Every structure is written in structure tokens, then in C-alpha cells.
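To start, the structure under review is shown below, and the notes come after it.
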Amino acid sequence: MKILDVKVIVCCPGRNFVTVKIVTDEGVYGIGDATLNGRELAVASYLEDHIAPCLIGRDPQQIEDIWQYLYRGCYWRRGAVTMSAIAAIDVALWDIKGKLANMPLYQLLGGRSREGVMVYGHANGADIAETVEEVGRYIDMGYKAVRAQCGIPGLPSTYGVSGDKMYYEPANADLPEENIWSTEKYLNHVPQLFNTLRDRYGFDVHLLHDCHHRLTPIEAGRLGKDLEPYRLFWLEDTVPAELQERFRLIRQHTTTPLAVGEVFNSIYDCNTLITEQLIDYIRSTIVHAGGISHVRRIAALAEIYNVRTGFHGATDLSPVTMGAALHFDTWVPNFGIQEYMRHTEATDDVFPSDYYFKNGYLHVGDTPGHGVDIDESLAAKYPYQRAYLPVNRLQDGTLFNW
Ligand code: GCO
Ligand code: MG
């Protein structure tokens, strides 16, 4: 069996996606996602110009060998662009293997460990009152877990708050939009949000919050401590995590569970966090961390240190990643939760899938492979449109973390 073609499809049904389709000489094909928000064309070129020529004629069944060839063979290891490109190939090959075996991906991985995958939705509002209403809306829709973000008095805009609540999309501009940030204002405000939420909804619903990399370790320790009475499911990305050792300080100060890893692309980005048990949830997901073949190693390491998975699942991860992630979540023993931001209808039309939401859980179907396809003629109607994530500045103009 041979790979005949590696197609790279860039489309924008409301937001940009980079998709790989690997076609074999036996007619079976597989689909992978390579979307890297705001830097899409770099990955598309990496795939088209540098990976595709090396794959033609290879046996698509040799997933591990192809992974090693692309990782070790490029010499320049790791990095978001490389690891997203490798991930797309890897997922497409697992999709092919599932189709050849006539099995859904979760069966290939080791079979079902749970009935469904608990997901968390995104509630946000301009102020506390609006966010509280939104959280209620998610609870009414059946969600067992809800992430809550709200506007900060005195700041014109901030991460996690949008006008379009159902389809929040941060990569919203032709050139990066500029936000203004004040850690002091934020730290004073957030505990009030969770105090109000617990007063209103009690303790049965899981609540989550994302700091989006904006604190120092000591500030993170203080926020974690301030939020302890509200029993968060997790507090995410408190500090930028290039330096894993930073978390030692945070961990000494709070029992609020910590989640990290959506911007990581390799096991080496999180080995200290995991082996020193400095976090509770690892968020690195299939598309940005080398695909199923690499993320399963991260999950296996995490398992022996009591760290659970909590994969990134924002809208910039295409339904292909969501489908693959849901199969992984259905199998992985140390599953924690899965992020789920709904895609728009236009996106779902371009990427037909068989997963579905019911009572707070997502369920995969039994279609062989990961169960997500791409409608290429529909995709062609939505050409690429440049779109950037915002940047963030302090009130005095200093460039900060978004
Ligand atoms: C999350 C993330 C996203 C990112 C986005 C960037 O927790 O869902 O922080 O909202 O900002 O994926 O492209
Ligand atoms: Mg996040």
C-alpha cells in the first residue's frame, strides 16, 4: 500500500483551518488538522513544500516510522509549526488505519474506558451579571462544567469576553487588535465573579477559569488561594509556562487545581510539571503536540503522576482535531475533561462528523477512523482570510502577554 497524494486544504468557513488529506493507492484516505491560529500559512507551506514530497510512495500503515522520520529526520526538532504539521500527518494516518481495520479510533487505541466525554463550555459576559446569566444558559443546555470569564471594570476589553457568545472567536482582525491589561484590577475582580456564581448555582456544577498566562507565580498563588472557597475544577494558564519550575512556587501556596499546556508542543515542555506533580491537568492536545502518537506518550507519563488530561478544544482546533481528541478521551485511562467550544454551522458543514453532545457529554460514533471528513468543494467556497489574535499592553503601553 502506498501514499499517492498529500493534499493541503486551506479554508475559512468563518475562521481559517488547514487540513491535510492523505490519499492512498487503494482508495482509502485519511484527514488531519494542522491549524495554528494566526500562523496558518506557515504550517501549510511546511506540509506542502517540505513534508509532502517525502511521503509519496511510502506505506501509510507505518505510522510510527513516518512520525520518527518527520521528527528526527528534519533535524530541527519541536516547535509549534513543525509539531502541528507532524500532528496532521499522524492523525490522517491513524484515520487511514482505522478505516483499514474497519474500527473507530478509540478501539484501535485500546477500547472504551467511559460512556461519554465530559466537556466544558465557555460562558462569558461584559460584567459579572451577564456572565452569571450565561453560566445559567450552559447549565440549562445540560453542561456539567462551565468556564466563566468576565469583563474587568476599567478595562475596555479582555481575553475570553466577546459580543458573539455562542461562537467566541479571538482571531478577529486583519491586523492584531490591541487590548489593555491591569493585573491589579483583574485580581480584585475575579473572586467576586466566583463568589456570585457559587451563591447562585451552588457547588454541583464544575466551574473553570482561564488566566491566559497573565500572572507572576506569586500573583498566581494569591489568586489560587482567593478562589479556594469556590472549589474550582481548575485554574488555567496562570503564568507563562516556558519555565516549568515556576509552578513550584504556585503549588506551595494554593490547593486550587491547576491546568496548563495548550501552547506546548512536546513532552519536554511538561515533563517537570508532570513528574513533580506541579499541575493537575495537562492541556496539550493532538493538533499542536505531534498528533496521537506523541500525545499518548504525554498522557502515559501523566497517568503515573496522577495528572489527568484536559485537552484544548477552542474553535481554532478544527472538527478533525475534536473528533480525534474525543476518540482519545473515550479511551485514555487518566481522562479529566475536554474543552468544547462549538464550531459555527458553516464549519460543521465543511467538516461532516459523527460526534454529538448529550447531557454535558460528547459521544463519538462508530465510523471507522476518527469519523470526521472534509467536503472539499464546499471548502473551496471559503478562501483563506488573514486573521490575527490580539496583542495585549499594560496601561502604560508596555507589551504584555495576551
Ligand atoms: C482556551 C484558549 C483559547 C486560546 C486560543 C488561541 O483555553 O480555549 O486559551 O481561547 O486563546 O485557542 O488561538
Ligand atoms: Mg486557555
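What to note about this one:
- Table column - 3J(HN,Hα) (Hz), segment 193-203, Karplus curve with 6.51, -1.76, 1.60, x for Gly and Pro: 4, 6, 4, 5, 5, 5, 4, 7, 10, x, 10
- Out-of-range pairs (alpha-carbon distance over 31 Å; input Lys99/Lys381; Lys99/Lys358; Lys21/Lys144; Lys7/Lys165; Lys99/Lys165; Lys185/Lys358): Lys21/Lys144; Lys7/Lys165; Lys99/Lys165; Lys185/Lys358
- Dipole magnitude (debye, nearest 20) for segment 38-158, charges at Cβ of Lys, Arg, Asp, Glu: 440 debye
- Value of relative contact order over the chain, rounded to a whole percent, pairs C-alpha under 8 Å and six or more apart: 23 percent
- Cβ crowding within 10 Å averaged over residues, with 37-43, 171-177, 119-125 ranked highest first: 119-125, 37-43, 171-177
- DSSP beta bridges fully contained in segment 305-402 are about 65 percent antiparallel.
- Each peptide in 45-52, 380-387 was scored by the mean count of other Cβ atoms within 10 Å over its residues; highest first, the order is 45-52, 380-387.
- When only alpha carbons are used to place a centre, segment 264-283 and segment 37-57 end up 28 Å from one another.
- When Met83, Met118, Met141 are arranged by Cβ crowding within 10 Å, least crowded first, meaning fewest neighbours, the order is Met141, Met118, Met83.
- Cα centroid of segment 290-327 to Cα centroid of segment 196-214, whole Å: 23 Å
- Total formal charge among the other residues, if their Cβ is under 12 angstrom from that of Ser293, Lys/Arg +1 and Asp/Glu -1: 0
- Cα gyration tensor category, rounded, prolate or oblate, for the chain with a/c compared to 1.5: prolate
- Charge sum, other residues only, whose C-beta stays under 11 Å from His206's C-beta, Lys/Arg counted +1 and Asp/Glu -1: +2
- Segment 339-387 - percent relative contact order, Cα under 8 Å, separation 6 or more: 34 percent
- Ranking of Arg296, Arg308, Arg15 by count of other Cβ atoms within 10 Å, fewest first: Arg296, Arg308, Arg15
- Peptide ranges 92-99, 298-305 listed from the most packed, as the mean C-beta count within 10 angstrom indicates: 92-99, 298-305
- Rounded, prolate or oblate (a/c below 1.5 giving rounded, otherwise prolate when a/b exceeds b/c) for segment 256-399 by Cα gyration tensor: oblate
- In this structure the amide hydrogen of Phe400, modeled in the peptide plane, comes within under 5 Å of the amide hydrogens of Asn392, Arg393, Leu394, none closer than 5 places in sequence on its chain.
Only the coordinates and a few stated rules stand behind these numbers; no lab work does. Because the structure is predicted, anything quoted here is derived from the model rather than measured. Note that we place each Cβ from the backbone using ideal geometry, even for glycine, and neighbour counts take in every protein chain shown.
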